[in-house]
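Laboratory data are not the source of any read-out in this text; all were calculated from the coordinates shown. This is a predicted model, so every value here is computed, not measured. Virtual Cβ from ideal backbone geometry, glycine too; neighbours counted across all protein chains shown.
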Amino acid sequence: MSIHAIADTHLAFFPGSDKPMDVFGSRWNDHENRLKENWVRQVAPEDTVVIAGDISWGIKLQEAKYDLDWIHTLPGRKVLIKGNHDLWWNGIRRLNSLYDDIRFLQYDCVMVGSICICGSRGWLTPDNDDFGAEDESIYRREILRLEMSLEAGKKAMMDAEDPVMIGFMHYPPVIDMRIGSGFHDLFRKYGVKDVYYGHIHGEDSFKTAIQGDVDGVRYHLISLDYLDCRPLIISE
């Protein structure tokens, strides 16, 4: 029973869609079929796959449903986290009533054996050059949402044997440790040792993306183009 992870699937199977991802480079060529091939080859029915945001280009749920149905056909249990492009994501109860193998994670956690999956979308952090006054309130709200998920995880792990909490975000939790972020502080507070995130694309950005051990937290980039359309195995 393994756990796999990837972010930024950027699917667009709905009629009338015009979102060719290969305009962003060769790593995106035929990315849907390559992802499916790798997923089917790698993921067993009893496994769990976390998709950390930017799942579908759909604006409304009826558009995203084509992409979610595609994910539904793939093996394994799926845990989905909202990304900045997931504009269709509204009404968590309704979303979680759609499929028996897809869990939409919001304000909560998911237990996979003794491993607790927590996370949230996140937002631009104060250490980002693009962070402006208009981002402050959203940033603070996302910190609260992440803490709700981590607190739910803390409670869920109370009855587990040798539990481990892992974190997921769509946005990078921190960029410059000289400034830091509330997301990084929360992961340290709750003892999260490994955090996985997406949102970062392109060779130049990959070189500067925060990875490895930072102040006791190990960060991992899992954008689809960075992983070359192959979900990362994070627990076996």
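Assorted remarks:
- At most 15 other Cβ within 10 Å, DSSP loop - trypsin sites (Lys or Arg not before Pro), the range 139-236: 178, 193
- Spin-label pair residue 99/residue 34, simplified geometry with 7 Å Cα→Cβ offset, distance in nm: 2.2 nm
- Per-residue Karplus couplings for the range 49-55, computed as 6.51 cos²θ - 1.76 cosθ + 1.60 with θ equal to phi - 60°, are listed in order as 10, 9, 10, 8, x, 6, 7 Hz, Gly and Pro entered as x.
- Neighbour counting of Cβ atoms within 10 Å sorts the residues 184, 220, 170, fewest neighbours leading, into 220, 184, 170.
- Neighbour-count ranking [beta-carbon atoms within 10 angstrom, fewest first] of 32, 161: 161, 32
- In the range 3-235 the Cα-Cα distances spread across 10 Å bins starting at 0 as 8, 34, 38, 18, 2 percent of all pairs.
- Under 5 Å, built H, 5+ apart or other chain: amide partners of residue 104: 80
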